[in-house]
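The values are calculated or read from the model by the stated rules, or taken from the named source; none is laboratory data. This structure is a prediction, so every number in the text was calculated from the model and none was measured. Counting neighbours? That spans all protein chains shown, and the Cβs are built from the backbone with ideal geometry, glycine included. For the accessible areas, the whole protein counts, side chains as well, though only heavy atoms, and no ligand, DNA or RNA atoms are used. Shrake-Rupley method; radii C 1.70, N 1.55, O 1.52, S 1.80 Å.
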Amino acid sequence: MTKAITLAISLIAIPASADWQINMNEGVTALSREIFDLHMLIFWICVVIGVAVFGVMFYSIFKFRKSKGAVSEHWHENTTVEVVWTVIPSIILIAMAIPATATLMDMYDTSEADVEIQVTGYQWKWRYQYLDEDIDFFSNLATSREEITNEAAKNPNYLLEVDNPLVIPVNKKVRFLITSNDVIHSWWVPNFAVKKDAIPGFVNESWVKVEEPGVYRGQCTELCGKEHGFMPVVVEVKAEADYEQWVADQKAMKLAMAGEASKEFSMDELIAQGEGVYNMSCAGCHQPNGQGIPGAFPAITGSTIATGEMDKHIDIIVNGKSGTAMQAFKEQLSAVDIAAVVTYQRNAFGNSMGDFIQPSAIQK
Amino acid sequence: MAVQNEKQTKRLAVRLATAALVMFGFGFALVPLYDVFCDITGLNGKNFNQGPAQIVAVDDSRTVKVQFITVNPADMPWSFEPTERSIRVFLGEDRQTAFYAKNPTANWMVAQAVPSVTPSEAAPYLHKVNCFCFERQPLEAGADTEMPLLFVVDPELPEYISTITLSYALYDLTGEQKVTQVKPSKDKGRVSL
Amino acid sequence: MATVDVDLPHVKDEDPHHHGPAKGLGRWLYTTNHKDIGSMYLIFSLCMFMIGGTMALIIRAELFQPGLQLVEPNFFNQMTTMHGLIMVFGAVMPAFVGLANWMIPMQVGAPDMALPRMNNWSFWILPFAFLILLSSLFMPGGAPNFGWTFYAPLSTTYAPESVTFFIFGVHIMGASSIMGAINIIATILNMRAPGMTLLKMPLFVWTWLITAFLLIAVMPVLAGVVTMMLMDIHFGTSFFNAAGGGDPVLFQHVFWFFGHPEVYIMILPAFGIISEIIPTFARKRLFGYASMVYAVASIALLSFVVWAHHMFTVGMPLVGEVFFMFATMLIAVPTGVKVFNWVATMFRGSLSFETPMLFALAFVVLFTIGGFSGLMLAIAPADFQYHDTYFVVAHFHYVLVPGAIFSIMAATYYWLPKWTGHQLNETMGKLHFWLSFVGVNITFFPMHFVGLAGMPRRIPDYALQFADFNSMASVGAFIFGFSQLVFIYNVIQNVRVGEKATA
């Protein structure tokens, strides 16, 4: 029955989003437009060559048919012709290479930037650190599991929505320092024409100067493991004043969070919050039902860690486990989140330890 | 005819097999070749100069912004950050800065910082006189430290470069250290970058 | 076409069913006959084509609609990885080696391959390589899931346990290809009939000679790179591990040093096949034989200096980007020459359109479209938008499916009657062609659109705006996939019974 509903929902959901886009976006930066123009230029050159070559070919196919009595001629060499069709394509190629090189040089502009942001790829989320502002947050997929598994209707930004988008000011040069924490990722926003690989142990740079405020969406474009398709990039471009306001809000929020950590929570509050944290940060590997994937990711149910000593349980979440896919979550989760998810894991999925921990006791 | 042909064939096959073996070796030779190539071209942004600098003249007409960022790989529990996010230096000027590291775990650990520079064209002009990344850094359980970096930016730095970003990724080598106890990192050319 | 040695109903004579089982098996196990080995290569390749194709259909079925319906993301990644590996190393390459085994001795006037016992061995290790690779699907942690390009550190530090079996499998495949290549070069250089100078050889022989040299040059590099992975995983070295001072980007350089010539290994023999078929059905000699040979040779040479165009977004310095962009664009010149020559061969010929010719014509048109998208991808700044999107997937499927695969099918329709002595069923052949042609285009053309609109490759689920073209591609894939059953039926019919060949 649920299957039938699922299918019905997905069938209804799709026609609503009919979208037959066939070309690249022009984008919202001077550079993205330059690249778009280059793309169209080469496309039209290819079309012209294609029409000429296929034209002669189809002319031959229709004109010189044996069934129409065509008799083949005997020539099979002509040095002049062969030289001509070696030289002319070479000239066309040089004509293409000149604007391409000019665009490339624009992309490699290294003049000083107004805002600098370190972008770090994690399996499977992005971390944004504003280098001059002391703002540091993670950006996770916000689409619900139910939408992905077809148990709920898909919203228009399905798979292209995050909890915390990157926020940048309009008309300012923003420089991205792109690196990775584990495997190779690639940070791509099509409307900016910015795509750079995030490589562990290396730092790459790229930059953007966006001309229109708005929300721009992209995705990770380098296969980075199981949830590669589920780590979108969302960038919110704000007017200068709005951006300043956002920066101030972020700082205020950080102070508020610090206060939160010293509050006392009840076990039910922690479990309720922990479920959300679990689904966002843990369910990707350990699965929404806590069963894990045999051979790859251990189950939470009956795990020696989630049903063992509290300190060890906290330690593995805070510091990760060397040589495995288990990351250190101390940078990603607040003390409240860690206390919540630890409490949740110990009291869900058939685990019933009955104990819980206060955020103030979490040592990061 | 046939016999001679067979001999020829055998000889050719042996030669081709040798060529295949040579190419197998070449695959491995690509590793040091790549390093040399990167050294010349700056392909991977790791061709820094190391050791005492030869530069004497300070060019006090031009400054460059040197920016420090840090990355903690997935399973590294240390806190690790620059004490200064960015500094403006004169070209040719000796500058010292430091990175803060803390081992919050209950175990003795050892780490190796791996540097990277962007734009990669700037790497050959960033001269590290002394760097904590030259050696592995041990820390006792719960201990913290400030690790020094002494560097000079070569006055020859191309005009178009206005910012140099130096990034360090800090890797946990505790496991490896236990196996290959006293192997100075200088021996492994690729480690001592 | 040199119809030197048409050894007629030999498959019928030696059909294993007419002998005792033990003897029958031994006949195939110990055979050193180039035709037997060629047949085994082709049958093996067809089996792999069906297995790899089934995986492609699993991928397309999952992508038919947004949302996860059929498979887990992790299994999806295993499917894309295995599909790529099996199609490249199991379907396309062995098929060309099979065709080479059958045709090269005949075309150069040799009684057999130069090293018949090695020939037997180079085939028989191949099934084991793929058994090992396929068995990894049933291992805990699953099969390799890091893409056929297996970029480190996803394929080293973060790989499933089965990666070791994958490495072992790749070693065996590599050994098989190298032995095959040595054999082909030795046959061509040492066993030509008196009077057949190099520039009198059929083009299929020429393209294979050059391909074989490419194989000897780059398969060992692939073996080297997987050996380095093996050492990183099991022996504590740090070739690709930044923690030990290694460099994950180095992996990509070494891999693509192999990978780009590999692309031409999969297309040069196809050029040879097409250069044989078009003149036959145009009833006119191939235009510009010498320039065809030089074009193939220069494509092969250029393939060694363009590898980094697969890596425009890894953060190369400007100089590197410009160099690899120029070098890559240069490849368009000899490739263009080949297409122009094929068209000139047809011009003022006397064309007829039997099944092999239909496949050859589709090859010229669709491969050229793949070439155009290749040229677009070569433009480094634009590549920042195309890289790792479905545009790339569309590009390489256009050069590999209606390129390499269509040429193999054309070759089968063209040469199989000569091997079995039976004419293939022309109606069924045409049906197979039109279904494949329509299927291929419905599958891969829309991928250009979703790629440009921003859909990354290797994702099990996608945003809603890509839904329509993805459903379309999935429908096309099933048409293409199932139309191959017509082909298989036709071939089996032909081998078992059939009209006597008239040619």
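A few points about this structure:
- The long axis of helix C:163-190 is offset from the longest Cα principal axis of chain C by roughly 40 degrees.
- Under 13 Å from residue A:66, Cα to Cα: aspartates and glutamates that are on another chain or at least 8 residues apart: C:354
- Of all aspartates and glutamates in the structure, the ones whose alpha carbon falls short of 13 Å from that of residue A:330, not counting any fewer than 8 places away in one chain, are A:136, A:315, B:75.
- The spacing between the stretch C:260-312 and the stretch A:324-364, judged by their C-alpha centroids, is 60 Å.
- Degrees between helix C:426-453 axis and first principal axis of chain C (Cα, 0 to 90, nearest 10): 20 degrees
- Subset of A:196/A:321; A:173/A:238; A:254/A:312 violating a 18 Å alpha-carbon distance limit: A:196/A:321; A:254/A:312
- Using a Förster distance of 60 Å, the FRET efficiency for residue C:131-residue A:41 (Cβ separation, nearest 0.05): 0.75
- Per-pair calculated FRET efficiency, R0 = 25 Å: residue A:48 and residue A:75 via Cβ, rounded to 0.05: 0.40
- Listing of the stretch A:93-107 residues, each with accessible area lower by at least 10 Å² in the full protein assembly than in the chain alone (probe 1.4 Å): A:93, A:96, A:97, A:100, A:101, A:104, A:105, A:107
- Stretch gain in nm, segment residue A:58-residue A:307, where the contour uses 0.36 nm per residue and the Cα spacing is subtracted: 82.3 nm
- For chain C, the number of Lys pairs with C-alpha atoms closer than 27 Å, counting only pairs eight or more positions apart or on separate chains, is 23.
- Whether chain C is rounded, prolate or oblate, judged on the alpha carbon gyration tensor where a/c under 1.5 counts as rounded: rounded
- Contact surface A-B: accessible area buried, both sides summed, square angstrom, 1.4 angstrom probe: 2400 Å²
- Buried solvent-accessible surface, both chains (B, C), 1.4 Å probe, Å² to nearest 100: 2700 Å²
- The residues of the protein assembly as shown present an accessible area of 37 Å² per residue when probed at 1.4 Å with all protein chains retained.
- The stretch C:230-322: chymotrypsin sites (Phe, Trp or Tyr not before Pro) in DSSP loop, at most 11 other beta carbons within 10 Å: C:235
- Cα shape, the protein assembly as shown, gyration tensor, a/c 1.5 rule: prolate
- FRET efficiency, 1/(1 + (r/R0)^6) with R0 41 Å, evaluated for residue C:138 and residue C:497 via beta carbons: 0.60
- The stretch A:141-219 versus the stretch C:173-235: alpha-carbon centroid distance in Å: 44 Å
- Taking the stretch C:202-295 and dividing mean pair separation by its residue count, relative contact order in percent (alpha carbons under 8 Å, at least six apart): 40 percent
- Lysine pair count for the stretch B:49-187 (Cα-Cα distance under 28 Å; residues 8 or more apart in sequence or on different chains): 9.
- Partner shielding of C:157-166 amounts to 2, given as the average count of beta-carbon atoms from other chains within 10 Å of each residue beta-carbon.
- Between 0 and 90°, nearest 10: helix A:335-346 axis offset from chain A longest Cα axis: 80 degrees
- For a label point 7 Å along the Cα-to-beta-carbon line of residue B:88, residues of the stretch A:105-121 with backbone N under 18 Å: A:111-116
- Cβ-defined net charge surrounding residue C:74, 15 Å radius [Lys, Arg +1; Asp, Glu -1]: -3
- Amide proton proximity set for residue A:70, modelled H, under 5 Å, gap of 5+: A:65
- Here residue B:7 is the anchor, and the aspartates and glutamates within straight C-alpha reach of less than 20 Å, apart from those fewer than 8 places off in the same chain, are C:112.
- The H on the amide N of residue C:246, modeled in the peptide plane, is under 5 Å from the matching H of C:241, each at least 5 residues off or on a different chain.
- From phi via Karplus (6.51, -1.76, 1.60), per-residue ³J(HN,Hα) for the stretch A:250-260 in Hz, x at Gly/Pro: 4, 5, 4, 4, 4, 5, 4, 4, 4, x, 3
- Taking the chain by itself as reference, the stretch C:55-74 contains these residues with an accessible-area loss of 10 Å² or more in the full protein complex (1.4 Å probe, heavy atoms): C:65, C:66, C:67, C:68, C:69, C:72, C:73, C:74.
- Centroid-to-centroid separation of the stretch C:131-157 and the stretch C:331-359 [C-alpha atoms, Å]: 41 Å
- Point-to-point label distance, residue A:324-residue A:111, nm (Cα→Cβ direction, 7 Å offset): 5.1 nm
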